[in-house]
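The values are calculated or read from the model by the stated rules, or taken from the named source; none is laboratory data. Since the structure is predicted, the reported quantities are computational estimates derived from the model, not experimental observations. Because the Cβ atoms are built from the backbone with ideal geometry, glycine has one as well, and the counts that use them run over all protein chains shown.
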Amino acid sequence: MVKRNPINYERKLRRQLKAFLNEKGPHRAILSALDKARKRDWRLFLFGGVLRDVLILGLKHKPRDIDVVIMNGTSSELADALQPYIKRRTRFGGFQLELNRWNFDIWPLHTTWAFVHNKHLLPTPDNLPKTTFLNVEAVAVSVDPCGDVGEIVESGFFEAVKKRTLDINLEENPYPALAAVRAMATATSLRYSLSPRLARYILEMEEDLGADALVAAQDSHYGLVRFRRRDIRSLVKHIDHELRRSPRASLLLPQGGEQLTLWAPKDKLSVMPALRESA
């Protein structure tokens, strides 16, 4: 029997991200604008869902929701650099941009939600991956606007991809209903299992807040609903059954067909909004 060499996920991410950065697209204009305006000590990091998509879904699936975190940059400096593209300024000094139907969220590192609300978590690049709700988004990569890929920092991201299992990376967030429904959306879209801890979190959120709150969270944030009340109740029933049957085992959600996107095109799923500056 021929043994297969294990996949080097870091090398694969680096290779596919470099190819993505060098492709034509609105991201080139945004990165170029940041490059022209950046100060000597600025560092740019791609973060979260865009890296998940580049690694897992590949280049055929063009990521159109991109998060960029700037180390040492201020909100006023970012405003000057990005003024032609800014759609909305967020409450914590970051910016939402839209260009050719691509969505960008760009913010200073120190304004990331978890850094602001958790004084024990220092605002450093190494800690940035620790601020996402899901492990499959717990990764950041320093990039050069010219297309060079630098340091990769992660917090269980590659292990999540290797095991194809979603787990909680950082539980604290101000939008638990949205966190729960996003976990279900990500699991069904990627066909990944839920860890027992994440499965119990979903059950707790549905029990404490109700299925209607999970529906409302989708409508409020995305302006559309993927999981309606009956869908949520069905998924929760399935999760409860599987946990009772095997409390310590990861579980798969039932599939409703082939899905490669985590939401509709207007989705902002790249990073849990509660854990970035735009919360």
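Structure notes:
- Scanning region 177-191 for residues that are in contact (Cβ under 8 Å) with a residue 60 or more places away in the chain and not small (Gly, Ala, Ser) gives 178, 182, 184, 186, 188, 190, 191.
- None of 90, 74 is buried (at least 16 other Cβ atoms within 10 Å of the Cβ), assigned by TED's automatic domain parsing to the domain that holds residue 159 and of a type in the set (S, T, N, Q) except 90.
- Among (1) at pLDDT below 95; (2) more than 15 Å from residue 183 (Cα to Cα); (3) loosely packed, with under 15 Cβ neighbours inside 10 Å, the one test that residue 277 misses: (3)
- Candidates 80, 53, filtered to the one that is out of contact with any strand residue (DSSP E or B) (no Cβ under 7 Å at 6 or more places or on another chain), over 25 Å from residue 165 (Cβ atoms) and of a type in the set (D, E, K, R): 80
- Residues being over 22 Å from the mean Cα position of the chain (by Cα) and modelled with pLDDT of 90 or more - total across region 1-23: 0
- Some residue of region 189-198 being hydroxyl-bearing (Ser, Thr, Tyr), out of contact with any strand residue (DSSP E or B) (no Cβ under 9 Å at 6 or more places or on another chain), in a helix (DSSP H, G or I) and surrounded by fewer than 22 Cβ atoms within 10 Å (Cβ to Cβ): yes
- Selection status of residue 253, under 23 Å from the mean Cα position of the chain (by Cα), at pLDDT 95 or above and not in a helix (DSSP H, G or I): yes
- Residue that is without any contact (Cβ under 8 Å) to a residue 40 or more places away in the chain, more than 28 Å from residue 16 (Cα to Cα), over 21 Å from the mean Cα position of the chain (by Cα) and not in a strand (DSSP E or B), where the choices are 206, 242, 171: 206
- Among the conditions (1) in contact (Cβ under 8 Å) with a residue 60 or more places away in the chain; (2) part of a helix (DSSP H, G or I); (3) assigned by TED's automatic domain parsing to the domain that holds residue 16, residue 146 misses just one, which is (2).
- Residue among 67, 53 that is in a helix (DSSP H, G or I), in contact with a Ser or Thr (Cβ under 9 Å, 6 or more places away or on another chain) and modelled with pLDDT of 90 or more: 53
- Residue count, region 151-168 (criterion: among the acidic types (Asp, Glu) and part of a helix (DSSP H, G or I)): 1
- Within region 34-50, the set of residues being within 16 Å of the chain's Cα centre (by Cα) and either surrounded by fewer than 23 Cβ atoms within 10 Å (Cβ to Cβ) or not in a strand (DSSP E or B) (or both) comprises 48, 49, 50.
- Residue 114 vs. criteria surrounded by 15 or more Cβ atoms within 10 Å (Cβ to Cβ), in a helix (DSSP H, G or I) and in the same structural domain as residue 227 (by TED's automatic domain parsing): no
- Screening 60, 36 for residues that are more than 18 Å from residue 78 (Cβ to Cβ) and not hydroxyl-bearing (Ser, Thr, Tyr) leaves exactly one candidate, 60.
- For beta carbons closer than 6 Å, sequence separation of 6+ or different chains, a first residue in region 127-142 that is over 14 Å from residue 111 (Cα atoms) and a second that is of a type in the set (Lys, Arg), the qualifying pairs are 136/52; 137/52; 142/43.
- Residue that is modelled with the highest pLDDT [pool: residues in region 144-159 that are among the aliphatic types (A, V, I, L, M) and touching a Lys or Arg at 6+ places or on another chain (Cβ under 9 Å)]: 152
- When the residues of region 219-232 are filtered to those that are part of a helix (DSSP H, G or I) and more than 16 Å from the chain's Cα centre (by Cα), the one that is surrounded by the most Cβ atoms within 10 Å (Cβ to Cβ) is 232.
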